[in-house]
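The values are calculated or read from the model by the stated rules, or taken from the named source; none is laboratory data. All values reported here derive from a predicted model rather than from experimental measurement. All Cβ positions, even for glycine, are placed from backbone atoms using ideal geometry, and neighbour counts span all protein chains on display. Protein only, heavy atoms only, side chains kept; ligands, DNA and RNA dropped before computing areas. Shrake-Rupley method; radii C 1.70, N 1.55, O 1.52, S 1.80 Å.
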Amino acid sequence: MKRLAPDADDARFIRRVVLIILIAGLTIALYRVGTLLILAFGSVLGAITIHAIAGRLQRHLGVPQRYAICLAMLSALAVTGFLVWLLTAQFGTQINALITETPQLLGRLAAWMSQSAVGAKIVEAVNVAYAGAQAAQDLSAFARGGADFVLNTILLIVGSMFFAMEPRRYRDGLLLLLPKDKRAAFGDAFDDLGRNLRLWLRAQIILMLLMGISIGVGLWLSGVPSAAALGLLAGISEFIPYIGPTVAMLPALGLAANAGTGPLVGAIATYAIVRIVQDMIVTPVIQSHVIAIPPAITLFAMVGIGYIFGLTGLVFAAPLLVAIFALTHSLYIRETLGENTTQID
């Protein structure tokens, strides 16, 4: 009698335990390399941008695809170099002053707000939230040294070029990992994903340009120092919806508070008016053809991703959320549930 020999139920239980262990190990491994995966996703965004530029070159100039992609890469590098030049040579002194003086400027702004009971509570809540956030810790580390930032940027640029040169190879490689009867559905989902990310990037670039110009002009008219640099930072920060513009606004308000009551009132009015016009008029028109994500989901998802993966995760949280929504719609709502709904309002 083999009373201790495993039967069919024991074997099934052992397989489930092993499967749970494998899933847990994979989850831990993905978490440990989360920053690298997010950089890979950022490289995919860069490749989509390069192909969008190449497509326009093909349509308007009749350039063959291979040469159009090369020209698009050069154009993307030129734009990146131009932004680096603006941030270093053109506005480098102003931005360095902002970085070094931001703690003092925010201290003056906090002191001004703490004059009222409500303002003091807001300052206390912001300090508590900032101190406990992983993104805040990464931002402090970045302020102490930018070696990781430079390395990640280089990895992002090189990865974008590799993905842009042979996108079909990586797409087909992923499909080969799936069962044959599922490849068509996933192929359509990947196509939908690329289209949604391309539309989101186009809308975001337009919003960034409008925000940067509007804030820069408004702060200049209000007499706030370093208005051009602050406008540039405001435009770049628009890539991170809600959180980025708020963070970029704080040093501007601190600098305005240091300049006097008039510039401070003008700065507050500038940000309030531009934000209202952007959110109520400009953004709905521009994003009418982009996947619709409720603002509350966007905000809390970005905070959660930033808390888990730090500053790198926060930077790419918005397009990552777009990708999750697009894949959920294509693979679950459309293919699994059979609902023929649209992603765009």
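Annotations
- These residues, ASP192, ASP172, ASP181, go from largest to smallest accessible area, 1.4 Å probe, as ASP181, ASP172, ASP192.
- MET161 accessible area, 1.4 Å probe, all protein chains in place, Å² to nearest 10: 50 Å²
- Taking the average, over residues, of other Cβ atoms within 10 Å as the packing measure, peptides 21-29, 220-228 rank 220-228, 21-29 from highest down.
- Segment ALA228-ALA259, length gained on full extension (0.36 nm per residue, minus Cα span): 9.6 nm
- Calculated FRET efficiency, LEU327 to ALA292, Cβ-Cβ distance, R0 = 22 Å: about 0.90 to the nearest 0.05.
- Calculated FRET value between ARG12 and ARG169, using beta carbons and R₀ = 45 Å, to 0.05: 0.70
- As a calculated quantity, the FRET efficiency between VAL158 and ILE281 at R0 = 35 Å, using C-beta atoms, amounts to about 0.35.
- Rounded to whole Å, sorted largest first: equivalent-ellipsoid semi-axes of the range 181-277, Cα gyration tensor: 38, 11, 9
- Extension gain (nm, one decimal) between ARG32 and ASP188, 0.36 nm per residue minus Cα-Cα: 53.1 nm
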